[in-house]
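K.L.:
Please read through the structure below; I'll follow up with questions.
The values are calculated or read from the model by the stated rules, or taken from the named source; none is laboratory data. Everything quoted here is computed from the prediction, not taken from an experiment. FYI the Cβ positions are ideal-geometry reconstructions off the backbone, even for glycines, and counts take in every protein chain you see.
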Amino acid sequence: MKKIILLLLTILLTFSPVYALRTLSENYELVLNVPAKKLLLYRDNEAVKEYPVAVGKSLTPTPLGKFKIVRRIYNPAWVNPYRQSKVVAPGQTNPIGQYWLGFAINKKSQEFGFHATSDLSSIGKASTHGCIRLYPEDMKELFNLVKISTLVYVIYNPVEVKEFENKLFISVHPDIYNYMTDEEYIKFAKSQLSGANLVQEQNLYKAIEIKDGKDYFIGWTGSKKLNEQDAGPVEKGQLN
């Protein structure tokens, strides 16, 4: 749990109506929730788009923390992370596609970033060497929206509480990096539910036991609004 406290940024992912995406001049931020395997695009503190992604495997985890986009490349070459002598030139055979958004470098000078993938079945899985894979059309859109110095928050939040019309739902994702026990899941979930009236607490325990990422109704907000804001679900993959 100590590792979680050190690595988890205390950002609760809230849901708000989708707005039309704009241009590079807009004030965007990216929030990547690793266990949920999804990337949220925020504009002026409101979520405007959700992208399904692939994240790092347990042996090659995606780094957590606060970063910035530091490299933005059209038609990048690809270096095989397992055989660095193998370099694939830009073009149709490049497995990471046409776009690269680099945001972090580790002590071994390995750069982590967002890119497309030719292996579409890997999206939604912990299947990478630490980078973030998107569907090609999503990566193209993202590349054309964000710029150098765009903030990137990579968090580890396997418990998501969502509020819609005063109703509370919880979704629980597998602990892919083995950071938490079930007891810590419960403690973490309840820390997000202050001011809430849990009418189906058994669903909380069921969600934590199954960890299937589905939404379970657990109750209503109390006198204090959860996160002190109204919220509705982000329409996945849809733009107004």
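K.L.:
Which numbered condition in (1) surrounded by fewer than 23 Cβ atoms within 10 Å (Cβ to Cβ); (2) more than 21 Å from N45 (Cα to Cα); (3) in contact (Cβ under 8 Å) with a residue 12 or more places away in the chain is the only one that I132 fails?
P.N.:
Unmet for I132, out of (1) surrounded by fewer than 23 Cβ atoms within 10 Å (Cβ to Cβ); (2) more than 21 Å from N45 (Cα to Cα); (3) in contact (Cβ under 8 Å) with a residue 12 or more places away in the chain: (1).
K.L.:
Restricting the search to the stretch 117-145, which residues are among the hydrophobic types (A, V, I, L, M, F, W, C), outside any loop (DSSP other than H, G, I, E, B) and more than 14 Å from R72 (Cβ to Cβ)? Please lay out each step first, then the result.
P.N.:
Applying the first criterion (among the hydrophobic types (A, V, I, L, M, F, W, C)) to the stretch 117-145 yields 120, 123, 126, 131-132, 134, 139, 142-143, 145.
Subset that is outside any loop (DSSP other than H, G, I, E, B): 120, 126, 132, 134, 139, 142-143.
Correct list: L120, A126, I132, L134.
K.L.:
I would also like to ask the following. All but one of (1) assigned by TED's automatic domain parsing to the domain that holds Q192; (2) within 18 Å of the chain's Cα centre (by Cα) hold for T128; state the number of the condition that does not hold.
P.N.:
So T128 meets the others, but not (1).
K.L.:
Moving on to the next point. Restricting attention to the stretch 50-57, does a residue exist that is more than 18 Å from E160 (Cα to Cα), modelled with pLDDT of 95 or more, assigned by TED's automatic domain parsing to the domain that holds K147 and in a loop (DSSP other than H, G, I, E, B)?
P.N.:
Yes, there is a match, as at least one residue in the stretch 50-57 is more than 18 Å from E160 (Cα to Cα), modelled with pLDDT of 95 or more, assigned by TED's automatic domain parsing to the domain that holds K147 and in a loop (DSSP other than H, G, I, E, B).
K.L.:
Within the bounds of the stretch 158-171, is there any residue that is under 14 Å from the mean Cα position of the chain (by Cα), touching a residue at least 40 places away in the same chain (Cβ under 8 Å) and over 30 Å from E201 (Cα atoms)?
P.N.:
Checked the stretch 158-171: no residue is under 14 Å from the mean Cα position of the chain (by Cα), touching a residue at least 40 places away in the same chain (Cβ under 8 Å) and over 30 Å from E201 (Cα atoms).
K.L.:
In addition: If T93 passes every condition in (1) under 21 Å from V159 (Cβ atoms); (2) surrounded by fewer than 13 Cβ atoms within 10 Å (Cβ to Cβ) but one, which one does it miss?
P.N.:
(1)
K.L.:
Next up: Suppose we filter the stretch 166-195 for residues that are over 17 Å from Y216 (Cβ atoms), assigned to a loop (DSSP other than H, G, I, E, B) and not acidic (D, E); how many remain? Outline the logic, then answer.
P.N.:
We begin by selecting, within the stretch 166-195, every residue over 17 Å from Y216 (Cβ atoms); these are 175-181, 183-184, 187, 191, 194-195.
Of the ones still in play, those that are also assigned to a loop (DSSP other than H, G, I, E, B) are 175-181, 194-195.
Next, from what is left, pick out any that are not acidic (D, E): 176-181, 194-195.
Within the stretch 166-195, residues that are over 17 Å from Y216 (Cβ atoms), assigned to a loop (DSSP other than H, G, I, E, B) and not acidic (D, E) number 8.
K.L.:
If you don't mind, another one. If you scan the stretch 139-181, which residues turn out to be acidic (D, E), modelled with pLDDT of 90 or more and surrounded by fewer than 21 Cβ atoms within 10 Å (Cβ to Cβ)?
P.N.:
Of the stretch 139-181, the ones acidic (D, E) are 141, 160, 163, 165, 175.
Right, trim to modelled with pLDDT of 90 or more and you get 141, 160, 175.
The answer is E141, D175.
K.L.:
Report, by residue number, each residue of the stretch 25-49 that is outside any strand (DSSP E or B) and surrounded by fewer than 21 Cβ atoms within 10 Å (Cβ to Cβ). Spell out the reasoning first.
P.N.:
Filtering the stretch 25-49 down to residues outside any strand (DSSP E or B) leaves 25-27, 34-37, 44-45.
Once the filter is applied, which keeps residues that are outside any strand (DSSP E or B) and surrounded by fewer than 21 Cβ atoms within 10 Å (Cβ to Cβ), the stretch 25-49 yields S25, E26, N27, D44, N45.
K.L.:
Could you grab me the full set of residues in the stretch 65-103 that are of a type outside the set (K, R), at pLDDT 85 or above and not in a loop (DSSP other than H, G, I, E, B)?
P.N.:
If the condition is that a residue be of a type outside the set (K, R), at pLDDT 85 or above and not in a loop (DSSP other than H, G, I, E, B), then G65, F67, I73, Y74, Y99, W100, L101, G102, F103 are the ones that fit.
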